Structure formats: structure tokens, C-alpha cells
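Worksheet: the structure to be examined is printed underneath.
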Amino acid sequence: MKSGVPPWVLIVVAAITALATLLAAAISGLIAYRTSRRSMDHAAEMARLDREAEKATQQRSARRDAYAAYVTAGMTALRDISAARQAGWTSPSWQQLREQAVASSHSVVIAFGVVEVEGPPRVADSAKGMYQAINDYRRQVVTLIRDRETSADGTEEVITVSGPGEEADISGRAALKALRLFVATAREALTD
């Protein structure tokens, strides 16, 4: 069957159709590649954001736990030191209360180390102030002052022993104030 169209036209039309089909497939492939690449990039970005959010949540939780443990240790130490202060050094139970106050203030040191690691620096600085204030209060309460006198023969003799004075009460109030400052600083850091 003769159509009246020269064969070279049929060949050119077939070649153009084949090229158009290949070009359309290439363009479709390119569009599909770019779309899937964008989707993968978006999924990777979302996964990264999720990891960062999870990390921030874990860090906040660790900080909150460290701050809570530190406040608890501080309050326990203040309670124990105050109990020794109220009992007075002449009380029969004073030595036991003194030892308990020293032990609980050592717990503050351990909790302070965790807060210092967790940070941030302004919270660690506030924690250090609280630690120093509690330590000062403990020293004021549990340290007995012994006035000594040396006799003519060179022996030393204890003349008087005195317990904590008004300075202990002042340092106790300073320790409580430092604890409140730490709580305020920690609360602010947790809400940032």
C-alpha cells in the first residue's frame, strides 16, 4: 500500500517521535528524581529536627533532675545543720546531730558536682554560691571554739569551749537566701 508519502519522511517522523518519547522520559525521570530528592532532604531535615528536639528534652530532663536533687540535698543539709544549731553543743545528742549535719553537707557537694556538669554557667555559679553558703553555715554551727591558755610549765589547758554564736544565725539566713536564689536561677534556666 502506497500512501504517497516519501519513505524518508516516515523515517524522520519515526525518529522525531522516538526522540520526543526519550526526551519526555528523561524529563519525567529528572522531575521524579528532583521530587524524590526534595522529599528525602525534607525527611532528613525533619529527622534531624526530631533528634535535636529529643536531645533538648533529654537535656532539660537531666538538668531538672540534677537541680531537684541539689535543692533536696541543700534543704536536707540546712535542716540537719539547723537541728544541730538548735540542740546546742552542750546537748547530749549534739555530736550525733553534728555528724548528720556534716554527712548531709557532703551530699550537697556531690549534687553540686552534677549541677556543675549539667550547667548552664549561670546555674552552676548560683549553685556554687549556695554550696559555699551552706558550707559556711555548717562550719559556723559544728565548729567549737576552744580558748586555750598555756600555763607556766608549758602545758596547754582549755579554759572555755563555746558553740556557735550569732554569726551562725546570719550564715544560716544567707544559706537559705542562696538556696532561694538557686531555685529562681534554675527555674529561669529551665524555662528558656
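The values are calculated or read from the model by the stated rules, or taken from the named source; none is laboratory data. This structure is a prediction, so every number in the text was calculated from the model and none was measured. Cβ sites come from the backbone with ideal geometry, for glycine too, and all protein chains shown count toward neighbours.
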Self-check item: Candidate set: the range 87-140, residues that are of a type in the set (S, T, N, Q) and closer than 15 Å to residue 176 by Cα; chosen: the one modelled with the lowest pLDDT
Solution: 140
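Could you pull out the residue among 83, 101, 62, 87 that is touching an Asp or Glu at 6+ places or on another chain (Cβ under 7 Å) and farther than 30 Å from residue 191 by Cβ?
101
Looking only at the range 107-130, which residues are farther than 13 Å from residue 62 by Cα and not aliphatic (A, V, I, L, M)? Spell out the reasoning first.
Filtering the range 107-130 down to residues farther than 13 Å from residue 62 by Cα leaves 107-110, 112-113, 121-130.
Within the range 107-130, 107, 112, 113, 121, 122, 125, 126, 128, 129 meet the criteria.
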Quiz item: So, in the range 141-168, of the ones that are over 21 Å from residue 95 (Cβ atoms) and modelled with pLDDT of 65 or more, which residue ends up surrounded by the most Cβ atoms within 10 Å (Cβ to Cβ)?
Solution: 167
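Residue 63: of a type in the set (Lys, Arg) and closer than 30 Å to residue 132 by Cα, yes or no? Before you say what the answer is, go through the steps one by one.
Details: of a type in the set (Lys, Arg): yes; closer than 30 Å to residue 132 by Cα: yes.
For residue 63, the condition - of a type in the set (Lys, Arg) and closer than 30 Å to residue 132 by Cα - is met.
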Self-check item: Hits in the range 126-138 (condition: in contact (Cβ under 8 Å) with a residue 24 or more places away in the chain and among the charged types (D, E, K, R))
Solution: 136, 138
Quiz item: Quick one: would you say residue 189 is surrounded by 10 or more Cβ atoms within 10 Å (Cβ to Cβ) and modelled with pLDDT of 90 or more?
Solution: yes
Practice problem: Confirm whether residue 46 is part of a helix (DSSP H, G or I), surrounded by 10 or more Cβ atoms within 10 Å (Cβ to Cβ) and within 33 Å of the chain's Cα centre (by Cα). | Solution: yes
Quiz item: Which of the residues spanning the range 96-114 are under 19 Å from residue 124 (Cβ atoms) and surrounded by 18 or more Cβ atoms within 10 Å (Cβ to Cβ)?
Solution: 105, 108, 111, 112
